[in-house]
Amino acid sequence: MFGIFPKLSFLDQQAKWDSRDAVAMVASEIANYPRLLTLELRGNTLGVEAGEAIAEALQYHPELQHCLWSDLFTGRLRAEIPPILRSLCGSMMKANVQLVELDLSDNAFGPIGAESIKDFLESPSAYSLEILKLNNCGLGIGGKQIATSLIECHRRAASVGRRFALKTFVAGRNRLENECAIALAAAFQTLGSLEEITMHQNGIKKEGITALASAFRGNPNLKKIDLGDNTATQTGAHAISKALPMLHKLESLSLADCLCRDAGCHYIIDALNPNTNPALEFIDLSGSELTADAALRIAERLPKFGGNVRLKIECNNFGDEFELVRERMPEFVDCGETDDDQGSLDSDQSEHESDSNSEDSEHDISAQPTKAVSPADKQQLADTLQGLLSDMAALQVAAEARGDVPFPQTEEGTTITCLNQQKKWDKREDVAHLIEEIWASPNLATLELRGNTLGIHAGEAIADALENRHHLRRCLWSDLFTGRLRAEIPPILRALCGSMMKANVQLVELDLSDNAFGPIGAESIKEFLESPSAYSLEILKLNNCGLGIGGKQIATSLIECHRRAASAGRRFALKTFIAGRNRLENECAIALAAAFQTLGSLEEITMHQNGIKQEGITALAAAFQHNPNLKKIDLGDNTATELGAHAISVALTMLPKLESLSLADCLCRNAGCHYIIDALNPNTNPQLQFIDLSGSELSTDAALRIAERLPKFGGSVKLKIECNNFGDDFAMVKSRMPDFVDCGESEDDQGSLDSEDDERFSDED
């Protein structure tokens, strides 16, 4: 990974750096190294005086990003290590580095090491940290200090408009046990950005595993989880299984030597699915005390993976049936060798689970009743129990409300659509047929009512029918109140939203566009937007609703939903927000910017034609920086001016997934358009497809200078610059532009700016 970065390495030189003299050449090389991004010291041993010399050299390198300092204190007294760490970290803070990776693995500094790096981990130099490796450091109770520092770093970064987004946390072999595992789980939950969590061999038991599993649900980008050689038992495995349907990017899961037992392994295999875990490549359930019967039942479930996932189940308890199990398994299952098998469990072992685990024995499909039962009877019992659990929807809903289990994952459900039927639903009788359809669709997932007009009594009837439709995911209710008095709309919205909350739906999309309900409409959906039913919301469309000052209420509700979801171990990750033509103006734009910054999950923000001026645009631009997954931004027909365009240009370098940017009719003027074009780059914005700078008061000279910058896009990006001010030069400008630039037609051109227009800059600018 570092081949493309300037890197200075002293890897495995086995040098013993005690004094300043011993390390003089190394320190000099570090101090004089041009653009030092990576410093690799691992495989040597560093003393106090030598550490001070290297620390002084680091003060010259604010560009430093990667510190690979594992295995650096072999043979040192534990008391020597803290002053060395403090001097190294102090120098980095003094240089104001923006560190990306810190690897201190295989340094047995114990809890005092955690204290030594506390100040650094809570400093601005750590706000950029993506990789933290503390493997085999003997942290012990120091793991709590690490957790506290991660949470504090997140808080401090947020307070200055930054986002601490740690991606990799590695801390295996540290004797963390339950207390530290629970503390770290709270940190992971706060961050929500983890892609790898490796905490193998830490003496963590089911309580700690359960806490970590809850945190996994708040980190949807997780790709690798390794909790091997802890004691999950079936209780911990069950908790992990509840998180798995929410981890769509998961690639590798290791629960090796975690004593998951038969039931725990079944929980894991049943929870994983190629639809919800499409990136999955590897599962390790070795050393789980898995019996032959349970392994054979797992074999029946494996075809769903289609051979794309490697499963490892060596060192289990197949005994004399090892060869039978191995030949019944697909090629992608590694059973290990017979020599590694732990032999059949006797009856006492097969039933064993500590008294503390007795609360979930009723869920253990391998648990034996008092009198002996044959394997066939056990399988029949397990199948019956599985069927009952699948059918008990009401109990599952209640459990979800308590936060005990994730909402059940179902196949794509039923869609009921009344699109553009132009019906006028006033009375209950008017919607009788629709009610029958709803009742006949227990798996109703999408309800499309747009293009009709709904009155209070008919709305209450539909609401009553939705009270038990907990699989509902998409409510497409735009253009639903045409001709209704504004006072009629709030009770209808409250009734519909109240029913969804009662059913504990986990809504994914809510579209209320083209309903002119004004600010009172925002109040009407407040309770729903802050409820558990909205924690799953990904798409919110409120286009052309006349929200006005109600936009502040929407912003407040989004922030409150995020807070409540986090407190319940969930993550509110809104992806699409559309609220064009709402008269939001600066006040609401600034409030919504604060909400977007809090969420950090947006992929589309469309807020065209809202009367937003440069202050509001600048606030939104700052929020864009905290939403790195943004693909589409549309702020058209607001008044950005040069200053707003400049603020947006700063954010563009942090949006690697951006596909479309519209600043049409935003009066960005010449300078603003140049800010935008100069900031965009095929390296930092490789997915960019479309830019709209129409109606920017762009002059001929500025357009021609833009033409000189366009080759960097290589024809992959369409640029629209119609309705600008080329005047008599329109044909010339159009002829000088590449094919992928749309200048519009000469009739749309706004004519040349006179000298006063060309120079004007508003007083507030």
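The values are calculated or read from the model by the stated rules, or taken from the named source; none is laboratory data. No experiment lies behind these values; they were computed from the predicted model shown. Cβ sites come from the backbone with ideal geometry, for glycine too, and all protein chains shown count toward neighbours. Accessible surface areas use protein heavy atoms only, side chains included; no ligands, DNA or RNA. Shrake-Rupley method; radii C 1.70, N 1.55, O 1.52, S 1.80 Å.
Taking only protein heavy atoms and a 1.4 Å probe, what accessible area per residue, in Å², does region 556-708 have with all protein chains in place? List each step's numbers first, then the result.
Numbers: 5050 Å² over 153 residues.
Here the per-residue accessible area is 33 Å².
When the accessible area of region 491-640 is computed with all protein chains present and a 1.4 Å probe, what percentage of it is carbon and sulfur? Could you put the intermediate results ahead of the total?
On the way: 2180 of 4560 Å².
C and S atoms contribute 48 percent here.
For region 595-739, what does the relative contact order come out to in percent, with C-alpha contacts under 8 Å and a separation of six or more?
Working: 305 pairs, mean separation 27.7, N = 145.
So the answer I get is 19 percent.
Would you mind calculating the gained length between Leu704 and Lys16 on full extension (0.36 nm times residue separation, minus the Cα-Cα distance), in nm to one decimal?
Numbers: separation 688, 0.36 × 688 = 247.68 nm, distance 6.18 nm.
Length gained, Leu704 through Lys16: 241.5 nm.
Within the chain, what percent of beta bridges assigned by DSSP are antiparallel, to the nearest 5?
On the way: 2 of 73 bridges.
Antiparallel bridges: around 5 percent, rounded to the nearest 5.
Specify whether the C-alpha gyration tensor of region 15-54 places it in the rounded, prolate or oblate class, a ≥ b ≥ c being the square roots of the eigenvalues: rounded for a/c under 1.5, otherwise prolate if a/b is larger than b/c and oblate if not. Could you put the intermediate results ahead of the total?
Numbers: a/c = 2.36, a/b = 1.48, b/c = 1.59.
Verdict is oblate for region 15-54.
Amide H of Val333 versus every other amide H placed in the peptide plane: which residues, excluding those fewer than 5 positions away on the same chain, fall under 5 Å?
For Val333, whose amide H was placed from the backbone, the distant partners under 5 Å are Leu311.
Among Gln750, Phe690, Ile721, whose Cα sits farthest toward the positive end of the charge dipole of region 610-765 (+1 at Cβ of Lys/Arg, -1 at Cβ of Asp/Glu, about the Cα centre)?
Most positive-ward Cα: Phe690.
So how much slack lies between His248 and Thr684, counting 0.36 nm per residue of separation and subtracting their Cα-Cα distance, in nm? Mind dumping the intermediate values first?
Details: separation 436, 0.36 × 436 = 156.96 nm, distance 2.52 nm.
Full extension from His248 to Thr684 adds 154.4 nm.
Of the trypsin sites (Lys or Arg not before Pro) in region 233-290, which ones lie in a loop per DSSP and count no more than 15 other C-beta atoms within 10 Å?
Details: sites: Lys242, Lys249, Arg261; in loops: Lys249.
Answer by residue number: Lys249.
Farthest toward the dipole's positive end in region 186-270, which of Ala232, Ala215, Leu253, given Cβ charges of +1 (Lys, Arg) and -1 (Asp, Glu) about the Cα centre?
Ala215
Taking the Cα centre of the chain as origin, sum charge times position over the Cβ atoms of Lys and Arg (+1) and Asp and Glu (-1), and report the length of that vector in debye to the nearest 20. Intermediate values should be presented prior to the final figure.
Details: 72 positive and 113 negative charges, 238 e Å.
Once rounded to the nearest 20, the dipole reads 1140 debye.
Let a ≥ b ≥ c be the square roots of the eigenvalues of the Cα gyration tensor of the chain; is it rounded (a/c under 1.5), or, if not, prolate (a/b larger than b/c) or oblate? Don't skip to the end; give the middle numbers.
Working: a/c = 2.22, a/b = 1.15, b/c = 1.94.
In terms of gyration-tensor shape, oblate.
Could you give the size of the charge dipole of region 444-542 about its Cα centre, using +1 on the Cβ of each K and R and -1 on the Cβ of each D and E, expressed in debye and rounded to the nearest 20?
Values: 10 positive and 13 negative charges, 6 e Å.
I would put it at about 20 debye.
Please go through region 1-95 and write out the chymotrypsin sites (Phe, Trp or Tyr not before Pro) that DSSP classes as loop and that have at most 15 other C-beta atoms within 10 Å.
On the way: sites: Phe2, Phe10, Trp17, Tyr60, Trp69, Phe73; in loops: Phe10, Tyr60, Trp69.
Answer by residue number: Tyr60.
At a 1.4 Å probe, what is the % contribution of carbon and sulfur to the accessible area of region 71-230?
Exposed carbon and sulfur together represent 50 percent of the surface.
Compute the Cα gyration tensor for region 448-552, then decide on rounded, prolate or oblate, letting a ≥ b ≥ c be the square roots of its eigenvalues: rounded whenever a/c is under 1.5, prolate when a/b is larger than b/c in the other cases, and oblate in all that remain.
Details: a/c = 1.59, a/b = 1.22, b/c = 1.31.
Because a/c hits 1.5 or more and a/b fails to exceed b/c, region 448-552 counts as oblate.
Out of the trypsin sites (Lys or Arg not before Pro) in region 1-68, which ones are loop residues according to DSSP with at most 13 other C-beta atoms within 10 Å?
Numbers: sites: Lys7, Lys16, Arg20, Arg35, Arg42; in loops: Arg20, Arg35, Arg42.
Listed in order of number, the matching sites are Arg35.
Take the Cα of Glu337, step 7 Å along the line toward its Cβ, and report every residue of region 217-257 whose backbone nitrogen sits under 16 Å from that point.
Nothing falls inside the zone, counting backbone N under 16 Å.
So how much accessible area does Ser567 have, in Å² to the nearest 10, using a 1.4 Å probe?
Looks like 90 Å² after rounding.
Would you mind working out the magnitude of the charge dipole of region 131-257 relative to its Cα centre, with +1 at each Lys and Arg C-beta and -1 at each Asp and Glu C-beta, to the nearest 20 Debye?
Values: 16 positive and 10 negative charges, 88 e Å.
So the dipole magnitude of region 131-257 works out to roughly 420 debye.
Quote the FRET efficiency, to the nearest 0.05, computed for Phe740 versus Arg35 with a Förster distance R0 of 25 Å and r equal to the Cβ-Cβ distance. Intermediate results must be reported in sequence, preceding the final value.
On the way: r = 35 Å, r/R0 = 1.41.
It comes to 0.10.
With r defined as the distance between the Cβ atoms of Glu80 and Phe282 and R0 fixed at 60 Å, what FRET efficiency is calculated, to the nearest 0.05? Don't jump to the answer; show the numbers that get you there.
Values: r = 40 Å, r/R0 = 0.67.
Efficiency, rounded to the nearest 0.05: 0.90.
Run the helix sum for the chain: -39,500 (n - 2.57) per DSSP H stretch of 4+ residues, divided by residue count, reported at 222 nm to the nearest 500 deg cm²/dmol. Write down the numbers at each step before the final one.
Details: 28 runs with 295 residues, N = 765.
Helix contribution divided over all residues of the chain: -11500 deg cm²/dmol.
At a Förster distance of 35 Å, what's the computed FRET efficiency of Ser344 paired with Lys304, Cβ-Cβ distance as r, to 0.05? Each step should come with its number before you reach the end.
Numbers: r = 28 Å, r/R0 = 0.81.
Taking R0 as 35 Å, the efficiency between Ser344 and Lys304 is 0.80.
So who's got an amide H within less than 5 Å of the one on Lys718, skipping anything under 5 residues away but keeping other chains? H placed 1.01 Å off N, in plane.
Phe690, Ile691
Among Gly47, His66, Asn32, which residue has its Cα positioned farthest towards the positive end of the charge dipole of region 27-73, with +1 placed on the Cβ of Lys and Arg, -1 on the Cβ of Asp and Glu, and the dipole taken about the Cα centre?
The residue sitting most towards the positive pole is His66.
Please compute the per residue accessible area over region 180-268 with all protein chains in place, 1.4 Å probe, rounded to a whole number of Å².
Details: 2100 Å² over 89 residues.
Dividing the accessible area of region 180-268 by its residue count gives 24 Å².
Run the reach check for Lys423 against lysines, Cα to Cα strictly under 27 Å, same-chain hits fewer than 8 apart removed. What comes back?
Within reach: Lys541.
Work out, step by step, the length gained on full extension between Gln59 and Ser567: first 0.36 nm times the residue separation, then minus their alpha carbon distance; give nm to one decimal. Numbers along the way, then the final one.
On the way: separation 508, 0.36 × 508 = 182.88 nm, distance 4.06 nm.
Length gained, Gln59 through Ser567: 178.8 nm.
Alpha carbon centre of region 285-323 versus region 117-162: separation in Å?
39 Å
Work out which GluC sites (Glu not before Pro) in the chain are exposed loop sites (DSSP not H, G, I, E or B, at most 15 other Cβ within 10 Å) and give the longest gap free of them.
Values: sites that count: Glu63, Glu281, Glu331, Glu337, Glu411, Glu412, Glu467, Glu745, Glu764.
Longest site-free region, per DSSP loop and neighbour criteria: 468-744.
If you roll a 1.4 Å probe over the heavy atoms of the protein chains, what accessible area per residue do you get for region 459-512, in Å²? Mind dumping the intermediate values first?
Values: 1720 Å² over 54 residues.
Per residue, region 459-512 has 32 Å² of solvent-accessible surface.
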